[in-house]
Every structure is written in structure tokens, then in C-alpha cells.
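Every number here is computed from the coordinates shown, using simple stated rules; none is lab data. What you are looking at is a predicted structure, and each value in this text was computed from that prediction instead of being measured. Ideal geometry is used to build each Cβ from the backbone, glycine not excepted, and the neighbour counts take in all protein chains shown.
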Amino acid sequence: MLKKTISYTDFNGNDQKEDFYFNLTKAEIAEMELSEKGGLSETIKGIVAAEDTPEIIKIFKKLIVDAYGEKSADGRRFIKSDKMREEFTQTEAYSELFMELATDSDAAAKFVNSIIPQEAKKALPPEKQ
């Protein structure tokens, strides 16, 4: 799980600094891998190799949005819903995060590695980690 503090200016012109949480479960990773021909990892490699910027942007958005959620008070659940995702994408915090990942490949790699559970990374072949 990644806790990311994002500073942004809200639509009232106020400076904000909030913590946001991002996580993908082992099941979500497996679903992503199995839903793409050759697996999501291979699809991403192909898109990057082809320098297909519009597709890379779509994948970043999907990863951000799919990973966004809120941790329950007792820590037993990571709550996600379409409504929560929609609300998050309507904030300047989302815009700040998106622009950071779209323009800084190191930040993007760190983000992706932080939202994937360690157990899921171990299950991947070494070239996909």
C-alpha cells in the first residue's frame, strides 16, 4: 500500500495537503495480468517499446484510478468504489499526481512498485518484477 501526500490548490484557491492511499491486491493484479493477451506486463512493454504515448497515458490513468481507495479505520479493508474513484479524479490532487507520473519516469516506476503487494511481485517471473 502506498500512502502519498499530495499538495495542491483547490478550486477555491486554497492550498491543500492531503494523504491519499493506493493499493492493488494480489487478486486485482492477477485479474489485470489475465485480462490482457500475453498479460498486462507484456502489453505495457509493447506499448513502451512502440512509444505509444496515448496508450501509456491510458494505462497510467487506469493504474491510478484502480489503485485509489480508503483504508478502513480497523485496517482490515481497503475500500474502493466507482463513486470514490470518480470523486478523486475530479480533484486537483489527482491532476497533480497524474502530471507527476506522466512527466517523471522514476516517480512513475516508484508509484507502480509501491502499489503492488510484495507477495504479488514474488509470484511474477523475475523479468516482470
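Quick look at the values:
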{"quantity": "Percent of Cα pairs exceeding the 25 Å cut-off, where the set is the chain", "calculated": "27 percent"}
{"quantity": "Aspartates and glutamates whose Cα lies under 13 Å from that of Lys80, excluding same-chain neighbours fewer than 8 positions away", "calculated": "Glu28, Asp66, Glu70"}
{"quantity": "Pairwise FRET efficiency - Glu36 versus Ser72, Cβ, R0 = 35 Å, nearest 0.05", "calculated": "0.70"}
{"quantity": "Signed unit charges on C-beta, dipole axis of the chain, positive-most listed residue Thr25, Val65, Gln90", "calculated": "Thr25"}
